[in-house]
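Engineer: I am attaching a structure below and will ask some questions about it afterwards.
The values are calculated or read from the model by the stated rules, or taken from the named source; none is laboratory data. The shown structure was predicted, so the numbers you read here are calculated from the model rather than taken from an experiment. Positions of Cβ are backbone-derived with ideal geometry, glycine not excepted, and every protein chain shown enters the neighbour counts.
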Amino acid sequence: MGLKIDRFTWGIVIGVVVLIAAAIITVVVSGGRGWQSADYLNEDTPQAVVHDAFLASVRNEPDVAIDHYSLDVLKEDDGPPFRERFSYYDHDRPARRLLILDVDIDEENDRAYVRIAIDNFNQGGLFESSTWTYRRTIPLVREDGAWKIDTEDPFH
């Protein structure tokens, strides 16, 4: 007597195989890369400055990030020194993804506002994984001919 599998079971088996193949293709195509392997844009646009500052924060590179902040932010006396702000980012923190939602540039006043969403992915156990998103508007100012972030902690 042979084992007979019905159509429903075959459908589930084929569905699982397709999902596994899609996951493998995604990893192969992306190389498993995340923000750690993303490239800096190095452009003088508000959205590129926000992108590069976020990337520097994820990589824990305060020397790179400093170039993206206004002098007023770097001179703040009441907060922790700029480099200490990067101690927040370490390998135990959730994975993060930045989404630029909107850019509003006020050329007359040399100001810009970049609306962002940051997705946070926390991989716990099988039932402990979580995802949450928060949105912010990051102000930028034109300083010495370049866009600079004009807020102390834009990604928290």
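Engineer: For region 101-128, give me each residue that is more than 18 Å from the chain's Cα centre (by Cα) and of a type outside the set (Asp, Glu).
Structural biologist: Ile105, Asn109, Arg111, Ala112, Gly124, Gly125, Leu126, Phe127
Engineer: Identify the single condition in (1) in contact with a Ser or Thr (Cβ under 8 Å, 6 or more places away or on another chain); (2) at pLDDT 95 or above; (3) aliphatic (A, V, I, L, M) that Ala112 does not satisfy, given that it satisfies every other one.
Structural biologist: Only one criterion is unmet by Ala112, namely (1).
Engineer: Here are the criteria: (1) surrounded by 12 or more Cβ atoms within 10 Å (Cβ to Cβ); (2) of a type in the set (Ser, Thr, Tyr); (3) modelled with pLDDT under 95. Tell me which single one Thr137 does not satisfy.
Structural biologist: The single condition Thr137 does not satisfy is (3).
Engineer: I've got another one for you. Identify, by number, the condition in (1) modelled with pLDDT under 90; (2) touching an Asp or Glu at 6+ places or on another chain (Cβ under 8 Å); (3) surrounded by 14 or more Cβ atoms within 10 Å (Cβ to Cβ); (4) small (Gly, Ala, Ser) that Gly79 doesn't meet.
Structural biologist: Status for Gly79: all satisfied but (3).
Engineer: Tally time: how many residues in region 140-156 are crowded, with 16+ Cβ neighbours inside 10 Å and not in a loop (DSSP other than H, G, I, E, B)?
Structural biologist: Going through region 140-156 one residue at a time, the tally reaches 6.
Engineer: What residue, of Leu19, Leu55, is modelled with pLDDT of 80 or more and under 16 Å from Ile149 (Cβ atoms)?
Structural biologist: Numbers: Leu19 fails: under 16 Å from Ile149 (Cβ atoms).
Answer to the selection: Leu55.
Engineer: Pick from Asp72, Asp63, Asp39: which is under 17 Å from Asp144 (Cβ atoms) and loosely packed, with under 14 Cβ neighbours inside 10 Å? Quick ask: steps written out before the conclusion?
Structural biologist: Values: Asp63 fails: under 17 Å from Asp144 (Cβ atoms); Asp39 fails: under 17 Å from Asp144 (Cβ atoms).
Testing whether each residue is under 17 Å from Asp144 (Cβ atoms) and loosely packed, with under 14 Cβ neighbours inside 10 Å leaves just Asp72.
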